[in-house]
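The values are calculated or read from the model by the stated rules, or taken from the named source; none is laboratory data. Because the structure is predicted, anything quoted here is derived from the model rather than measured. With ideal geometry, Cβ positions are generated from the backbone for all residues, glycine too; neighbour counts draw on all protein chains shown. The area values use the complete protein model at the heavy-atom level, side chains included, leaving out ligands, DNA and RNA. Shrake-Rupley method; radii C 1.70, N 1.55, O 1.52, S 1.80 Å.
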Amino acid sequence: MTYLLALDQGTSSSRSIVFDAQGRIVAMAQEELTQFYPRPGWVEHDALEIWRTQLATARDVLTKAGISAQQVHAIGITNQRETTVVWNRKTGQPIHKAIVWQDRRAEPACAALRERGMADPIRQKTGLLVDAYFSGTKLQWILDNVPDARGQAAHGELAFGTVDSWLLWQLTNGRVHATDVSNAARTMLFNVHSNTWDPELLQVLNIPEGLMPQVLPSAAYFGEIEPGLLGHSIPVGGMAGDQQSALFGQACFSAGMAKNTYGTGCFMLMHTGTQFQTSTNGLITTSAAQIAPTVGTGVSSLPPEGARSGLGRPGAAQITPTLGTGVSSLPPEGARSGLGRPGAAIGHAPPQFALEGSVFVGGAVVQWLRDGLGAIRSSAEVQALAQSVPDSGGVMLVPAFTGLGAPYWNPEARGTMTGLTRGSTLAHIARAALESIAFQSAALLQAMARDAQQAGAAAVTELRVDGGACVNDLLMQFQADLLGISVLRPQVTETTALGAAYLAGLSTGLYPDTASLSQLWQAERRFEPQISRAHAQEQMQRWEHAVRQTTAA
């Protein structure tokens, strides 16, 4: 039997999942990740802990599945996006803790960019708003605040990467410094039209070009892992940021299809095909997962067997057949090839785009109920507590713990709870917390609907859902009620990991095309709206009023 291994490195944990060729879960392993909060609004991870936990879960899941590494056809990597790691190329040691996507310390740098009039040029090139959420200003902060970091960077001694690049570097023992287009697109340094690092943006943020990783399509040959890590060398055939990977795992391959992931945050993406559509409703435009030109034609992107072992070794630059250009790794001394560099496009495949809305605090509000308020002992208890009351009793919780994301984009906002009375209980607060996840997601879909209407595109008629909180029936039903459309939960809700596995399977010839992946997708349950549109609109008006109170505070 053929197996695929997905490495799913998230904000709160590192996980590994073994899938069979039908996309069914064979085994799963998970380890929680330590969160560091050195100052208000700052969030950090230990990059070495990220690597240790990811490797430990990969070893554990093979044991649980009862298989050896030799039975794994390929590895796919998916990761928390934007989280920024800078490490020494020779020692492999990070020079600072990883700055997590939720971290707000770079907001002053973003304000300075906006004052310089860079907001529009950055949006036109990257599709992104100028915000501390993205990697570019986090990287700038590390270079400016870690002693001698700029000097080391100038001498080519440092490497930058999002978590995917960091894991790939470790898996290949430092032979490969690469990322994929979906992760590169989250840095605020990547031109999504040409699929290259943008020289002007690098200059504006004073980022040495030598820090940057190679950029490949999401389904491509990224190299071989060290045999000693899992007991056998395995090709890494797919890599994508978690939300683009989930869009892929949900089989949302064509324009107008949308998904929402309910994780630590909530992330809604609507595929727009090859159309770069700028939102006028507070959303961002991002690159969708991209496959190389010959992937999906039944042709494997793996180099010939005899050539594969050389990938990434100093001086042994191997051509990736599906790309037709460039070198797929970098020697330690920092020698560069064309692919993903300024002025060099990725293969010949047209870029694929998506509209995205990001909610900073989604499922994390349940963690806050557990760890902050002590209202529940485990996250699984929240549904029973919330269902013990018929509604929130007028309580509205806006969980702007680290600011408000799309469609509001207010980095200075902080969480508020309104509507409290003497009759309010923990159950009402728990229900308001769950409902806040659905309210924020509904605001995103409404923004997408307005953008679609302005572009003359068809409105979204169904929403595919995934992520940990999507198993909560109360939340999913409330979501359908607010949206007024069907909410579909798939049989396999681990679609982020599944997307990475599918990308790896595509690039290595296990799957002939995306049409075959669409046939594998099946719904487990469909939630239909059960309240009138007038009632739903009243609910959303209450939410928007609470948001206005929050931003006025």
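Within the set of pairs 6 or more residues apart or between chains, which connect a residue that is at pLDDT 95 or above and aromatic (F, W, Y) inside segment 2-14 to a residue that is part of a strand (DSSP E or B) and open to solvent by 20 Å² or more (accessible area, probe 1.4 Å) with Cβ atoms less than 7 Å apart?
Pairs that qualify, where the first residue is at pLDDT 95 or above and aromatic (F, W, Y) and the partner is part of a strand (DSSP E or B) and open to solvent by 20 Å² or more (accessible area, probe 1.4 Å), are Y3/V26; Y3/H73.
When you go through (1) under 29 Å from P490 (Cα atoms); (2) open to solvent by 50 Å² or more (accessible area, probe 1.4 Å); (3) β-branched (V, I, T) one by one for T551, which number turns out not to apply?
(1)
Would you kindly identify the helices (runs of 4 or more DSSP H) lying entirely within segment 378-494 that contain at least 2 residues that are of a type in the set (V, I, T)?
On the way: elements: 382-387, 426-454, 473-483.
In segment 378-494, the matching helices (runs of 4 or more DSSP H) lie at 426-454.
Could you check segment 113-133 and list, in sequence order, the residues that are on the phi < 0 side of the Ramachandran plot, surrounded by 16 or more Cβ atoms within 10 Å (Cβ to Cβ), assigned to a loop (DSSP other than H, G, I, E, B) and of a type outside the set (D, E)?
Correct list: M118, L128, L129, V130, A132, Y133.
Which condition number does G484 fail, the rest of (1) on the phi < 0 side of the Ramachandran plot; (2) open to solvent by 20 Å² or more (accessible area, probe 1.4 Å); (3) touching a helix residue (DSSP H, G or I) at 6+ places or on another chain (Cβ under 8 Å); (4) modelled with pLDDT of 90 or more being met?
It is condition (1) that G484 fails.
So V176 ticks every box in (1) within 22 Å of T286 (Cα to Cα); (2) hydrophobic (A, V, I, L, M, F, W, C); (3) in a loop (DSSP other than H, G, I, E, B) but one. Which box is left unticked?
Against the list (1) within 22 Å of T286 (Cα to Cα); (2) hydrophobic (A, V, I, L, M, F, W, C); (3) in a loop (DSSP other than H, G, I, E, B), V176 comes up short only on (1).
Looking at segment 487-506 only, could you name the residues that are among the polar types (S, T, N, Q) and either more than 18 Å from the chain's Cα centre (by Cα) or open to solvent by 10 Å² or more (accessible area, probe 1.4 Å) (or both)?
Result: Q491, T493, T496.
Quick check on Q454: is it open to solvent by 30 Å² or more (accessible area, probe 1.4 Å) and touching a strand residue (DSSP E or B) at 6+ places or on another chain (Cβ under 9 Å)?
Values: open to solvent by 30 Å² or more (accessible area, probe 1.4 Å): yes; touching a strand residue (DSSP E or B) at 6+ places or on another chain (Cβ under 9 Å): no.
Considered against the rule, which asks whether it is open to solvent by 30 Å² or more (accessible area, probe 1.4 Å) and touching a strand residue (DSSP E or B) at 6+ places or on another chain (Cβ under 9 Å), Q454 comes out as no.
Within the bounds of segment 465-473, is there any residue that is open to solvent by less than 20 Å² (accessible area, probe 1.4 Å), over 21 Å from the mean Cα position of the chain (by Cα) and within 24 Å of P390 (Cβ to Cβ)?
Yes.
Out of T78, T91, T63, which single residue is in a helix (DSSP H, G or I) and among the β-branched types (V, I, T)?
From the options T78, T91, T63, the qualifying one is T63.
Output the residue which, of all residues in segment 260-274 that are modelled with pLDDT of 85 or more and among the polar types (S, T, N, Q), is surrounded by the fewest Cβ atoms within 10 Å (Cβ to Cβ).
The qualifying residue surrounded by the fewest Cβ atoms within 10 Å (Cβ to Cβ) is T274.
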